[in-house]
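Enquirer: Structure below; questions to follow.
Computed from the coordinates by the stated procedures, all read-outs in this text should not be read as laboratory data. Please read all numbers here as calculations on a predicted model, not as lab measurements. So basically every Cβ, Gly included, is an ideal-geometry build from the backbone, and we count neighbours across all protein chains shown.
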Amino acid sequence: MRGACLTTDNLQRRGWQMASICHLCANDGESCSHIFHDSDHLCATIVEEWEAWKAAGLLCEIEARSPISIGIS
C-alpha cells in the first residue's frame, strides 16, 4: 500500500498545491520516509516526541522501538 500516507509529497503528486516542507519540523520535505524511517533525514520533531514518550514511560505496553527500526516502506 505504497503512497497511502497523506504527506505533502504524495498530495502534490495528486495535484494539491502546497509548500514542500515538513509541517512538524519545518525543515525537510515531508514524506513517509522522513516521518517514519529515513535515518539520514528523520524528522527531528518525531525523534524528540518518541524520546519524550519513552522517558515518560508511556510506551510500556507496546514494544519500544524507534521509528527507524520499524522499517516501514
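Enquirer: With no solvent and one equal point scatterer per Cα, compute the Debye intensity ratio I(q)/I(0) for the range 1-54 at 0.19, 0.24, 0.31 Å⁻¹ and report its log10, rounded to two decimals.
Expert: The Cα Debye sum returns log10 ratios of -0.64, -0.92, -1.22.
Enquirer: Between ALA4 and ALA52, what FRET efficiency comes out of the Förster formula 1/(1 + (r/R0)^6) with R0 = 25 Å and r the beta carbon distance, rounded to 0.05?
Expert: Once rounded, the FRET efficiency stands at 0.40.
Enquirer: Now for a separate question. When the dipole is taken about the Cα centre of the range 1-58, and only Lys, Arg (+1) and Asp, Glu (-1) are charged at their Cβ, what size is it in debye, to the nearest 20?
Expert: My answer is approximately 320 debye.
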